[in-house]
1. Going by average Cβ density within 10 Å per residue, which order do the peptides 86-93, 97-104, 152-159, 50-57 take, highest to lowest?
2. Rank-order 58-65, 75-82 by packing density, defined as the average count of other C-beta atoms within 10 Å over each peptide's residues, highest first.
3. Once Lys and Arg get +1 and Asp and Glu get -1 on their Cβ, which of 78, 63, 88 lies farthest toward the positive end of the dipole of segment 4-175?
4. So if each residue of separation counts as 0.36 nm, and I subtract the Cα-Cα distance between residue 81 and residue 126, what length gain in nm does that give?
5. Work out how far the C-alpha atoms of segment 4-175 reach from end to end along every principal axis, then list the three figures in whole Å, largest first.
6. What's the magnitude of the charge dipole for the chain around its Cα centre, counting Lys and Arg as +1 and Asp and Glu as -1 at the beta-carbon? Answer in Debye, nearest 20.
7. Report, by chain and number, residues whose modeled amide H sits under 5 Å from the one on residue 32, excluding near sequence neighbours (fewer than 5 apart, same chain).
8. Anything over 24 Å Cα to Cα? Flag those among 89/124; 89/156; 17/163; 89/163, in the order listed.
Amino acid sequence: MTLVDGRPADCTGRLDKEVRVYDLLDSLGVAYQRIDHEAAMTMEACAAIDEVLDATICKNLLLCNRQCTSFYLLMMPGEKSFKTSVFSKQIGSSRLSFAAPEYMEEYLDITPGSLSVMGLMNDKDQHVQLLIDEDVLKGEFIGFHPCINTSSLRLKTADLVEKIIPAMGHAPRIVTI
């Protein structure tokens, strides 16, 4: 696995949703590095990738309330544990649970195992609220998938917060896990 600068020289065979991520980052003038790898479906599978990226790697969870009327994308450090009952109280939402994969695809154009903040670029109707654990923002660099789990990106956390998230039109809410 090798860390390279920017988008692939040839995007033939790559999914449109992945290419759209590179297009967005390039249009914003955001410098990033990329590593291509085998599909990484879990945090454990990302361990070797994490070593190469040397960045804060997020666990991304798509959550919803019991009625499936409010949806949340939670970015949190991979090593932190998550308790829905405690977190539900913190954000004032009753009975949070993991959202069904259909919602992930419908609102973010992402399949399970590929969930990342970049999916918010596909959420034009603002169905999903972005929640970021404060510890995610402490590192200089952040790593995540470009809407597909066979590549990972590394970029400055400041660029994510100051350029990318505003361009996607989602105001983050900072939380404490």
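1. Result, highest mean Cβ count within 10 Å first: 152-159, 50-57, 97-104, 86-93.
2. Ranking the peptides 58-65, 75-82 by packing returns 58-65, 75-82.
3. 88
4. Answer, rounded to one decimal: 13.5 nm.
5. 46, 30, 29
6. Charge dipole of the chain: 680 debye, to the nearest 20.
7. So residue 32 has HN proximity to 6.
8. As for pairs spanning more than 24 Å Cα to Cα, those are 89/124; 89/156; 89/163.
Here, each number is a calculation from the coordinates, and none is a lab measurement. All of these numbers come straight from a predicted model, not from anything done at the bench. Counting neighbours? That spans all protein chains shown, and the Cβs are built from the backbone with ideal geometry, glycine included.
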